[in-house]
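Following: one structure in C-alpha cells, then a few remarks.
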C-alpha cells in the first residue's frame, strides 16, 4: 500500500506544511546579545526577519476570472517562512516575544 522509498521532499518540492502559526505584526527591539532564529529548521544561525505577505484567503470569481485575496503582512524566518524566536546569548536561552507584537483574536491591525 505504501512505498517505503517515498521521499516527502522530492514529491512536494517547495511545499512547507509547517509555515508560521502566529501572526507577528511588529518586531520587538533586540539587545546586543539577542538575535532572531527560525523556529522550524533550528539551524542555530541568526536570521534577518522577512516581511511576508501571508495570503489566508483567495477567491476567484468564476464568471469574470477576477481574483480577490485577503492577506496580512507578517514577519517570518526567510528560510522556512516559519515563526521567529529570540535567542539571548547572555543567558543562553530563548526570550519570549510579548503578545503585544502578535495579532489578537484574528484581528489584523496594522
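The values are calculated or read from the model by the stated rules, or taken from the named source; none is laboratory data. Predicted model, so just to flag it, every value in this text is computed and none were measured. Counting neighbours? That spans all protein chains shown, and the Cβs are built from the backbone with ideal geometry, glycine included.
Given the criteria exposed (fewer than 12 other Cβ atoms within 10 Å of the Cβ), at pLDDT below 80, under 15 Å from the mean Cα position of the chain (by Cα) and at positive phi, does residue 14 qualify? Steps first, answer last, please.
Working: exposed (fewer than 12 other Cβ atoms within 10 Å of the Cβ): yes; at pLDDT below 80: yes; under 15 Å from the mean Cα position of the chain (by Cα): yes; at positive phi: yes.
The answer is yes for residue 14.
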### Query
List the pairs whose first member sits in segment 59-82 and is without any contact (Cβ under 8 Å) to a residue 24 or more places away in the chain, whose second member is in a loop (DSSP other than H, G, I, E, B) and surrounded by fewer than 13 Cβ atoms within 10 Å (Cβ to Cβ), and whose Cβ atoms are under 8 Å apart, counting only residues at least 6 apart or on separate chains?
60/66; 67/61; 68/61
## Note on the structure
In segment 20-42, anything crowded, with 16+ Cβ neighbours inside 10 Å, within 13 Å of the chain's Cα centre (by Cα) and free of Cβ contacts under 8 Å to residues at least 60 places away in the same chain is listed as 36, 37, 38, 39, 40
### Message
Name the residue that is nearest to residue 22 (Cα to Cα), counting only residues in segment 69-92 that are modelled with pLDDT of 90 or more and over 17 Å from the mean Cα position of the chain (by Cα).
### Response
88
### Task
For residues that are under 22 Å from residue 100 (Cα atoms) and assigned to a loop (DSSP other than H, G, I, E, B), scanning just segment 43-67, find the one that is nearest to the chain's Cα centre (by Cα).
49
